[in-house]
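Written below as structure tokens is the structure these notes are about.
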């Protein structure tokens, strides 16, 4: 059995099941999905129709703050990979 080289992750990932909604940048149509894991650099999204590779999206999710309150966040991200109903996205700045 051949072993493949594993690339170390840049940021640690945390398993989640956070509901979210997202849309392609410039679109008015929101889709619903679930964030399966989350890191400082990005996340894994599960959806009926996840965005295609290299597509930039806006995503809204409710995240727990350090104070224990829920805060809605809207962020931009770009699809890095897509397999079936899952996609990996990286956060974009500004």
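Only the coordinates and a few stated rules stand behind these numbers; no lab work does. Quantities reported herein were computed from a predicted structural model and do not represent experimental measurements.
Here is how the numbers come out for the structure above:
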{"quantity": "Relative contact order (percent, whole number), region 14-92, Cα cutoff 8 Å, 6+ residue spacing", "calculated": "28"}
{"quantity": "Prolate/oblate/rounded call for the chain, Cα gyration tensor, a/c under 1.5 rounded", "calculated": "oblate"}
